[in-house]
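What follows is one structure encoded as structure tokens, with my remarks underneath.
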Amino acid sequence: FFTKEFDFLVDNDIRVVFSGRDEPLPKKVIKARDSLLERTKDFKSLTVNICLNYGGQYEMVDTTKKICEMYKNGDIELDDIDPEFIQKNLYQDLPPLDFVVRTSGELRLSNFMMYQASYAEFYFPKVLFPDFSPEEFDNAILAFNGRERRFGGIDYEKKNN
């Protein structure tokens, strides 16, 4: 897949990044991944994050270890650690998720990008992924557009009126 879709990525200026652990991926997969990372690193139109051998809990474990090493080495102070610092030290420094579509009607995150989805809106269609059609996508977007996003805050003005 990585090599087959390369022309599409080049034609559309799409940067590819990967989130996940190397172990126990085969060496040929790691080599293809690294080649794709290198060849698309300067593309700017769109970034696609491929989660390969990914788990949200292990991302938090790996991030914690990384930050502990930075602290132990004197690279950071304890007060440097805040939510933005953690976000920047995850597998990828990408914006938080706005919208998560979880197909099949399952009402769970399934260990997927738990930190990044803290303030995301969720949509749980009953349709399975292979059958997630353009019409289903339109339904998801309509549902998202109908949401009032507060990012964990309370709209005191509305509450007091």
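The values are calculated or read from the model by the stated rules, or taken from the named source; none is laboratory data. Everything numeric in this text was worked out from a predicted model, so none of it was measured. Note that we place each Cβ from the backbone using ideal geometry, even for glycine, and neighbour counts take in every protein chain shown. When the accessible area is computed, the model is the full protein with side chains, heavy atoms only, and any ligands, DNA or RNA have been set aside. Shrake-Rupley method; radii C 1.70, N 1.55, O 1.52, S 1.80 Å.
Among PHE85, PRO125, LEU142, whose Cα projects farthest towards the positive end of the dipole of the chain, with charges put on the beta-carbon of Lys, Arg (+1) and Asp, Glu (-1)? So the residue furthest toward the plus end is PRO125.
Provide, for the chain, the number of lysine pairs with alpha carbons under 17 Å apart, each pair being eight or more places apart or on different chains. For the chain, qualifying lysine pairs total 5.
Dipole check for the chain: with +1 at the C-beta of Lys and Arg, -1 at the C-beta of Asp and Glu, and the Cα centre as origin, the magnitude is about 420 Debye.
The Rg/Rh ratio for the chain, using Cα coordinates for both the radius of gyration and the Kirkwood hydrodynamic radius, is 1.01. Can you give me the % of accessible surface on the chain that is carbon or sulfur? Probe 1.4 Å, all protein chains present, nothing else counted. Answer for the chain is 54 percent, counting heavy atoms of protein chains only. Rounded to the nearest 20, the size of the Cβ-charge dipole of region 33-124 about its Cα centre is 460 debye, with Lys and Arg at +1 and Asp and Glu at -1. Ranked by the mean number of other Cβ atoms within 10 Å of their residues, highest first, the peptides 55-63, 21-29 fall in the order 55-63, 21-29.
Based on protein heavy atoms only, region 15-161 ends up with 71 Å² per residue of surface accessible to a 1.4 Å probe.
For region 132-151 and region 65-128, what is the separation of their C-alpha centers, rounded to whole Å? Between the Cα centres of region 132-151 and region 65-128 lies a distance of 21 Å.
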